[in-house]
Every structure is written in C-alpha cells, then in structure tokens.
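Please treat every number below as a calculation from the coordinates, not as lab data. Worth saying up front: this structure is predicted, and the values here are computed from it rather than measured. Ideal geometry is used to build each Cβ from the backbone, glycine not excepted, and the neighbour counts take in all protein chains shown.
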Amino acid sequence: LGVPLCQILHCLLILLQLIEIVLFIVDSGCSKHMTGNLKLLINFVEKFLGMVKFGNDQIAPILGYGDLVQGAVTIKRVYYVEGLNHNLFSVGQFCDADLEVAFRKSTCFICDLKGNDLLIDHLCSSCELGKAKRNSFHSKLSPSSKRQLHLLHMDLCGPMRVASINGKRYVLVIMDDYSRYTWTHFLRSKDETPEVLIDFLRLV
C-alpha cells in the first residue's frame with residue numbers, strides 16, 4: 001500500500017482511543033464469567049468473593065457480581081474482578097447452566113439444549129455468513145498473497161501443561177502465506193502477545 005507500518009499503528013491507536021470496543025473472550029480455562037469493566041454490569045451486588053489467580057500468576061480480588069445484558073440475552077452472575085483487562089466468558093459456567101457451547105471455524109455458538117441459538121434474533125451479517133453452509137474447501141495450488149509478508153497467519157496456543165526451562169507456557173506461531181516461512185515465539189503469558197507482535201512487525 002506504500003503506507004509506513006508505524007503510521008498505520010498510530011492511526012489504529014487513535015481509533016482505539018475514540019471508540020470503546022467491548023470484546024468478550026470465550027475461555028474454556030476460566031471457571032466463572034468475569035469482567036474488569038463495572039459499567040457493563042446491571043443489578044450489581046458489591047461483595048468480596050475472594051481472590052482469583054490467572055495463568056500468568058497474577059492475583060486479583062473479586063469485588064462482586066452482576067448481570068450482563070447482550071441484546072435479548074442476559075448473562076447472570078458475571079464477577080467483577082478489579083484490574084482485569086479482558087472480559088471473559090466461562091465455557092464451564094455456560095455448560096453448568098444447561099447451555100451448549102460449540103466452536104466452528106472462527107465462530108462460537110451458545111445454544112440451549114434444544115438447539116436454539118441464544119443470539120438468533122441478533123445476528124450480524126458476519127454471524128449469518130458464519131452459519132451459512134458452503135461447499136467444502138479445495139486445496140489451493142497457489143498462495144492467497146502475491147508477495148512475502150502480505151498476509152500472515154497466527155495461532156496462539158497454551159497454556160502448556162509443562163512449562164519450558166524459562167517458565168514459558170504459551171506458543172505464538174506466525175506463518176507467511178506466500179513463502180510458508182514460520183516464526184515461533186514462546187511466551188510466559190497471553191498478555192505478552194501484543195508486545196511480541198509489535199516487536200515482530202518492527203523486525204520484518
């Protein structure tokens with residue numbers, strides 16, 4: 001495109017300051033629904049419920065709980081964790097409430113036991129496309145990109161059951177679509193991912 005990467009990152013930072021993006025991570029390793037954003041909760045009950053420990057060994061207090069409304073769906077008993085920078089939905093808590101959590105490609109569906117999608121009345125165009133059926137994929141003979149570093153595929157996996165010698169439990173894999181060249185980065189926690197990606201983009 002001819003636009004320097006630092007200029008693109010600067011524009012993204014300005015956009016993020018102007019727009020409040022509410023992102024939810026569906027986490028199979030999380031025991032309870034949690035948020036660090038008290039503004040998202042209604043019917044809030046202020047009550048100290050103990051401490052929570054995260055995969056990066058960070059400890060934070062649970063200062064209460066409330067309900068979170070997403071469209072026509074109300075998610076009950078979402079814990080307010082002071083200092084938590086992410087909004088986490090617990091797969092286990094959904095399952096305990098007799099809900100089914102299904103992952104297909106890049107989409108997550110949460111349904112009741114009768115198969116009714118809880119968000120059926122509030123599908124965005126991306127969700128509708130995600131639910132649409134299509135023909136099976138054929139192996140491509142040529143890459144999608146026309147040059148090196150034009151398209152990167154990334155995957156973050158972990159936490160690994162056994163840490164490395166340096167105490168790292170996560171693996172970030174980055175692959176160039178054109179050359180299929182692969183870089184592997186080992187991380188102590190998921191929180192390191194943005195910094196590692198920025199360093200990587202500066203290098204390439």
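Summary table
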quantity	calculated
Three-way shape call for the stretch 152-203 based on the alpha-carbon gyration tensor, with the a/c threshold at 1.5	prolate
Pairs from Lys53/Lys190; Lys146/Lys168; Lys39/Lys190 whose Cα-Cα separation, in the structure shown, is over 23 Å	Lys146/Lys168; Lys39/Lys190
Cβ-Cβ FRET estimate between Ser28 and Ser164, R0 fixed at 30 Å, reported to 0.05	0.85
Fully extended contour minus Cα-Cα distance, from Cys111 to Gln148, at 0.36 nm per residue	9.2 nm
Fewest-first sequence of Glu100, Glu195 by Cβ atoms within 10 Å of each Cβ	Glu195, Glu100
Principal axis box of the stretch 31-101, alpha-carbon based, largest edge first, Å	32, 24, 19
Net charge dipole size for the stretch 152-203 [Lys, Arg +1 and Asp, Glu -1 on Cβ; Debye, nearest 20]	280 debye
